[in-house]
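Undergrad: Take this structure, written in structure tokens, and hold onto it; I'll ask about it next.
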Amino acid sequence: MLSETGGASLENGHLLTDLGECSGDIALQCSETAGFLSELTHRIQSDSARLGELQSNMEALAVSQNESVLAAQELSLTARRAGRIIAEGHDAITLSLGQITELIENVTGLEGHLRRFLDVIEAVDGISEQLGAIARQTRLLGVNAAIEAARGGEATQGFAVVADEIRRLAGQAGESAASVGHRLGQLDRDARQLIGGVEANISRGRDVGAHIDTLRVSMAEIASMVTQFGDRSDTIVTCTDEADGDVAALRQGLARFSQSSTESAARVEMARGQLERLEGMANDMLNSAAHGGHVTRNSRYIAFAEDGAQEVMALVEGALEQRQIDMEQVFDTAYRPLPGSNPAQYENGFNAFADQHVRPLLDRRTAQDAAIVGCCLIDMNGYLPTHISARSQPQRPDQPRWNMENARNRQIFMDSQTRRALDGEGDFFLFSYRQDMGEGRYRALRSVFVPIIIRGRRWGLYEVGYLI
């Protein structure tokens, strides 16, 4: 009977162990799924942010589109008004150009009249010269008559008076002829100058006539272009009206998509929360099974973690005894940011000792088993004062992804399972959880956390992370 009871207890123990292991696997799957959901949430949030920017751009585009519609309508109206104005201007210019053409023709005809007037002046000038010659001959005749009258004595005295009068009249006629010739010469010069000006204006008029013909053609082309412009403006108005409808439809579609994305993100976040709760429940079962006293595939790593924690505590206690370090340095939480670090790293009073003495211990403990990803120390705030050498490399500028994987020392990490282990009471904690790799990337691990107590004061945890 006792044998049966012992067998039943053993069988129940194995069932509890198997159930715990299954719970661990479930927790691992939940952790991975929650990681996927977290990444999905991150992507949805990023897409929602970009969608918000797109909506803002869409609103700006809608405003611009409305302005374009108004501008196109105004442009069409302006084109029509310009067409009417140019048509009216074309008629007025055509009339004016016709009048200018007539004026040019009249000026051109004036040249003939002026040349005939010049011929008359030349003829009158010839007559004036002939009158001057007659006056000279008359003057000579008067002189001869006076000489002859003087020879005749008193008998020809009356003839001498007539000769003097003839001489006087001849002189007056000569002066009049000279005056007329002078005036005719001035008139001839003025007429020739006027004719020269008229000829120049006639030449310009002919050039203007050619330009007028070109201007007529240009005005006709401008009128045709304005007509085409008006037609194109009407087409633009039609297109902008259609585009305005498309923009409005796109705005509505974006609004619906944004609402759907927000709802999807909320549902994903809700599912992630439920998975995390399920993960917590499965981890509780895994942790309970690990404390059941039966050997499981986790027992080896639990032993590694307990031994490692004891060695770390002995190391620190020994350093305190030898005054290599003091309690204030060990429990220093005044984290000082390292300038330019990305992700952010911090310094405290425990770093130098941890790098020199604890890091070699962590490297050695990590090399104990190929499944171990890494051993590390975590204080009560999630701060890692040091890490294994492979995870404590100097950061690279502008490479946060590489830094997140290879420079994890001096960073602060906190997740729900680590928080539970920090706040929990027990000799160790076995959990499956997601290791944050940065930029929304996670890795599912199984970790053993063992509390570290320094001089009766809880410092934090010793962690062994491994893959199963």
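Undergrad: Output the residues belonging to the stretch 332-352 that are assigned to a helix (DSSP H, G or I) and surrounded by 15 or more Cβ atoms within 10 Å (Cβ to Cβ).
TA: 351
Undergrad: Could you check the stretch 318-336 and list, in sequence order, the residues that are under 19 Å from residue 380 (Cβ atoms) and without any contact (Cβ under 8 Å) to a residue 60 or more places away in the chain?
TA: The answer is 325, 326, 328, 329, 332, 333, 334, 336.
Undergrad: May I ask you to verify whether residue 314 is surrounded by 13 or more Cβ atoms within 10 Å (Cβ to Cβ), free of Cβ contacts under 8 Å to residues at least 40 places away in the same chain, of a type in the set (Gly, Ala, Ser) and in the same structural domain as residue 455 (by TED's automatic domain parsing)?
TA: Taking the combined requirement at face value, the residue does not satisfy it.
Undergrad: Within the stretch 354-468, considering only helices (runs of 4 or more DSSP H) that don't extend past its boundaries, which have at least 2 residues that are of a type in the set (Asp, Glu) and modelled with pLDDT of 95 or more?
TA: Fully inside the stretch 354-468 and qualifying: nothing.
Undergrad: Is at least one residue of the stretch 324-331 among the aromatic types (Phe, Trp, Tyr), assigned to a helix (DSSP H, G or I), at pLDDT 75 or above and not assigned by TED's automatic domain parsing to the domain that holds residue 40?
TA: No: zero hits.
Undergrad: State which residue pairs qualify: first residue touching a residue at least 24 places away in the same chain (Cβ under 8 Å) and inside the stretch 386-406, second residue aliphatic (A, V, I, L, M) and assigned to a helix (DSSP H, G or I) in any location, beta carbons under 8 Å apart, and separation of 6 or more residues or different chains.
TA: Cβ pairs passing all conditions: 386/354; 386/358; 386/362; 387/362; 388/362.
Undergrad: To continue, here is another question. Look at residue 302 and say whether it is assigned to a loop (DSSP other than H, G, I, E, B), of a type in the set (A, V, I, L, M), assigned by TED's automatic domain parsing to the domain that holds residue 377 and touching a residue at least 12 places away in the same chain (Cβ under 8 Å).
TA: no
Undergrad: Confirm whether residue 347 is of a type in the set (Asp, Glu) and under 47 Å from the mean Cα position of the chain (by Cα).
TA: When the stated conditions are applied, residue 347 passes them.
The values are calculated or read from the model by the stated rules, or taken from the named source; none is laboratory data. This is a predicted model, so every value here is computed, not measured. No Cβ is skipped: glycine too gets one built from the backbone with ideal geometry, and neighbour counts run over all protein chains shown.
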